[in-house]
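Q: Following this message is one structure expressed as structure tokens.
The values are calculated or read from the model by the stated rules, or taken from the named source; none is laboratory data. Bear in mind that the values here come from a model prediction, so they are computed numbers and not experimental data. Positions of Cβ are generated from backbone atoms using ideal geometry, with glycine treated the same way; all protein chains shown enter the neighbour counts.
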Amino acid sequence: MNLDLSPDDERFRQEVRSYFETGYPQDILAKVRNGQRLTKADLRASEQALSAKGWLAPGWPEAYGGPGWTVTQRFIFDEELERVGAPNVSPMGLLYVAPVIMAFGTQAQKDRWLPDILASRVFWAQGYSEPGAGSDLASLRTAAVLDGDHYVVNGEKTWTSLGHHAEWIFCLVRTQTTERKQEGITFLCIDMATPGVQVTPIISIDGGHSLNRVSLQDVRVPVENRIGEEGRGWTYARHLLSHERTSYAHVAAKRRQMESLKAASAAAPWGDLLESQGGLRRRFAEVEIGLTALEMTTYRALAPLSSGQAPGDEASILKIHATETAQAITELFVNLAGDYGEPYFENRFREDWRAGLEDIPAFAAPGVAEYFQTRAQTIYGGTNEIQRNIIARQLGL
Ligand SMILES: Cc1cc2nc3c(=O)[nH]c(=O)nc-3n(C[C@H](O)[C@H](O)[C@H](O)COP(=O)(O)OP(=O)(O)OC[C@H]3O[C@@H](n4cnc5c(N)ncnc54)[C@H](O)[C@@H]3O)c2cc1C
């Protein structure tokens, strides 16, 4: 495999790098460097800056407003975005529901929803999981009953990432009870402003609010908001998940974390543990080797995309490897922070969140908060145990 970039790709990298260093909103990068949490306004400003450049949806076909990049260019773009520490795009609209709308939506649905996603005027949330339906998603019970030209929806979705930011949510709902529970599921898009939609925050162990419960009580959803046919939602949901699972690699962000870990170790007030502790040094080396292997796996998993195919079961291998590597990296933050690893700083939206905490190394709180966040990576998008089942089935085991 020849991994050298062509002169054109090198030029492309320089163009993207120079944009992030000068054209992209520098106040957002400053917040990231300062360890602050980003607000909805920050995330939207970031996305709208990329959108103005025509770079918000690298994976979209040109016909829908994508930039027409090759898979290599998309990879370079992600690398440069992560290298400077710019936030990744909110995936629910751009990466998850948009490909479903493109593949299975009507022209009217495409005209209605895709331009708002592409301009980041509207955020979406993913309403799949329920209190009794996670890994066994097909057990979902949120019911949609047809009443004239509306569905009346009742039920509860949970673990809804960024549901409090979202203007729309795509949901799997049950329109029929059948013997095979994968049948009778329908894919509905719901305006979060509809009466009966209620969002309740779930505060996670890192002290942050990204998760929510979304309860739906007699929510009237026009039939025209249904994607595809009634009862065939499971097929559309599976299409979406294969896209979701290839979106976890973030190799450049992981390399950036490794660099900041080394810098943190060198600057730590208790001395450079990487210098003094051979065991820790060996662990760093093991994690970096795993990261290089992840990079190669990513190239392999993304290869089908260059011929326009959906990612295959390789997506499951990538999901396992990427999420376990993320956890291994953030464990190193905990190793370095030791007793200073207190993650619960409510006020990390503020620029001066370190006031009064100057003797605590700056990396400790954000690094340890990330450690807690990455615990969830092996759960969401289908747990890693479920990914192992998929791989085993593929191998005929
Ligand atoms: C941070 C975070 C963000 C999320 N965001 C969203 C979101 O935006 N939208 C959304 O719809 N959902 C979201 N989820 C939900 C996520 O998809 C589910 O948590 C996940 O599918 C697991 O379901 P569960 O939590 O019900 O666990 P369970 O399915 O109850 O699993 C519990 C344990 O049993 C194991 N297990 C279950 N079945 C099997 C099996 N057949 N073989 C082997 N082991 C098995 C699991 O691997 C797990 O370890 C999010 C979750 C988290 C943690």
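Q: How many residues are closer than 30 Å to D272 by Cβ and within 13 Å of the ligand (Cβ to nearest atom) when one looks only at segment 371-392?
A: Going residue by residue through segment 371-392, those that are closer than 30 Å to D272 by Cβ are 371-375, 377.
Restricting the remaining residues to those that are within 13 Å of the ligand (Cβ to nearest atom) gives 372-375, 377.
Residues that pass the stated criteria total 5.
Q: A further question follows. For segment 16-43, how many residues are surrounded by 12 or more Cβ atoms within 10 Å (Cβ to Cβ), out of contact with any Lys or Arg (no Cβ under 7 Å at 6 or more places or on another chain) and acidic (D, E)?
A: Adding up the residues that qualify gives 1.
Q: Can you name the number of the only condition in (1) outside any loop (DSSP other than H, G, I, E, B); (2) within 16 Å of the ligand (Cβ to nearest atom); (3) polar (S, T, N, Q) that N88 fails?
A: Only one criterion is unmet by N88, namely (1).
Q: Since W168 meets every condition but one in (1) in the same structural domain as V221 (by TED's automatic domain parsing); (2) farther than 18 Å from L240 by Cα, which condition does it not meet?
A: Checking W168 against (1) in the same structural domain as V221 (by TED's automatic domain parsing); (2) farther than 18 Å from L240 by Cα, the one that fails is (2).
Q: Could you tell me whether segment 165-182 includes any residue that is in contact with a Pro (Cβ under 9 Å, 6 or more places away or on another chain), touching a residue at least 12 places away in the same chain (Cβ under 8 Å) and not acidic (D, E)?
A: Of segment 165-182, the ones in contact with a Pro (Cβ under 9 Å, 6 or more places away or on another chain) are none.
Within segment 165-182, none of the residues are in contact with a Pro (Cβ under 9 Å, 6 or more places away or on another chain), touching a residue at least 12 places away in the same chain (Cβ under 8 Å) and not acidic (D, E).
Q: Further question on the same structure: Can we say E62 is under 30 Å from A365 (Cα atoms), away from the ligand (no atom under 16 Å from the Cβ) and among the acidic types (D, E)?
A: On the way: under 30 Å from A365 (Cα atoms): no; away from the ligand (no atom under 16 Å from the Cβ): yes; among the acidic types (D, E): yes.
It is false that E62 is under 30 Å from A365 (Cα atoms), away from the ligand (no atom under 16 Å from the Cβ) and among the acidic types (D, E).
Q: Would you mind stating whether R83 is outside the structural domain of E179 (by TED's automatic domain parsing), within 18 Å of the chain's Cα centre (by Cα) and either at pLDDT below 95 or assigned to a helix (DSSP H, G or I) (or both)? Give the derivation first.
A: Working: outside the structural domain of E179 (by TED's automatic domain parsing): yes; within 18 Å of the chain's Cα centre (by Cα): yes; either at pLDDT below 95 or assigned to a helix (DSSP H, G or I) (or both): yes.
Against the criterion (outside the structural domain of E179 (by TED's automatic domain parsing), within 18 Å of the chain's Cα centre (by Cα) and either at pLDDT below 95 or assigned to a helix (DSSP H, G or I) (or both)), R83 qualifies.
Q: Which pairs turn up if I take residues in segment 81-108 that are without any contact (Cβ under 8 Å) to a residue 12 or more places away in the chain and look for partners that are in a helix (DSSP H, G or I) and surrounded by fewer than 21 Cβ atoms within 10 Å (Cβ to Cβ) with beta carbon separation below 7 Å, at least 6 apart in sequence or on another chain?
A: Qualifying pairs under 7 Å: none.
Q: Something else about it: Among the residues of segment 76-102 satisfying the criterion of being of a type in the set (G, A, S) and closer than 15 Å to F170 by Cα, which is surrounded by the fewest Cβ atoms within 10 Å (Cβ to Cβ)?
A: So in segment 76-102, the residues of a type in the set (G, A, S) come out as 85-86, 90, 93, 98.
From what is left, the residues that are closer than 15 Å to F170 by Cα are 90, 93, 98.
On the way: S90: 23, G93: 27, A98: 26.
Checked segment 76-102; the qualifying residue surrounded by the fewest Cβ atoms within 10 Å (Cβ to Cβ) is S90.
Q: Scan segment 133-157 for residues that are buried (at least 20 other Cβ atoms within 10 Å of the Cβ), outside any loop (DSSP other than H, G, I, E, B) and more than 9 Å from the ligand (Cβ to nearest atom) and report the count.
A: Within segment 133-157, residues that are buried (at least 20 other Cβ atoms within 10 Å of the Cβ), outside any loop (DSSP other than H, G, I, E, B) and more than 9 Å from the ligand (Cβ to nearest atom) number 4.
Q: Now for a separate question. On the given criteria, is S120 small (G, A, S), surrounded by fewer than 18 Cβ atoms within 10 Å (Cβ to Cβ), part of a loop (DSSP other than H, G, I, E, B) and within 21 Å of the chain's Cα centre (by Cα)? Step through it out loud before you land on a result.
A: Values: small (G, A, S): yes; surrounded by fewer than 18 Cβ atoms within 10 Å (Cβ to Cβ): no; part of a loop (DSSP other than H, G, I, E, B): yes; within 21 Å of the chain's Cα centre (by Cα): yes.
Taking the combined requirement at face value, the residue does not satisfy it.
Q: For segment 98-132, how many residues are within 16 Å of the ligand (Cβ to nearest atom) and either among the acidic types (D, E) or closer than 17 Å to Q176 by Cα (or both)?
A: Count: 2.
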